[in-house]
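For reference, the structure discussed in these notes is given below.
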Amino acid sequence: MANFTILDGLVLMIVAMATVFAVLMGLWGILVVVKILVEKQSKTQAAPASNPQPEVTSNQEKNSEQSAEKGTIPPEKVALIMSLLVDKNKRNKEK
């Protein structure tokens, strides 16, 4: 290790880069194979039975969304509360 030259460092860097590149290519290949398998699986699945379902009007959709959200705080209010707490915390630290 005492005679470690710049050329040795260059070779080590190239080998490390090649290794990282090979790992990333392997991961990319796995993703491509999985994508192909998922697409093939979704094509071979049986189509859902065609049960006639009544169409839902937009009022019914809104009512169901509102009933599901009762008792929860909207994200806008949560963001406002968090920003107020952060501002208060910053003001307290400055004092």
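Between the DSSP loop rule and a limit of at most 13 other Cβ atoms within 10 Å, which chymotrypsin sites (Phe, Trp or Tyr not before Pro) in region 1-34 are left? Taking region 1-34 and a limit of 13 other Cβ atoms within 10 Å, the loop chymotrypsin sites (Phe, Trp or Tyr not before Pro) found are PHE4. Of all lysines in the structure, those lying under 27 Å Cα to Cα from LYS35, and not within fewer than 8 positions of it along the same chain, are LYS43.
Of SER42, SER83, the order by accessible heavy-atom surface (1.4 Å probe, DNA, RNA and ligands excluded), from most exposed downward, is SER42, SER83.
The values are calculated or read from the model by the stated rules, or taken from the named source; none is laboratory data. Remember, it's a predicted structure, so these values are computed and weren't measured experimentally. Glycine gets a Cβ as well: all are built from the backbone with ideal geometry, and neighbour counts include every protein chain shown. All accessible areas refer to the heavy atoms of the entire protein, side chains included, with ligands and DNA or RNA removed. Shrake-Rupley method; radii C 1.70, N 1.55, O 1.52, S 1.80 Å.
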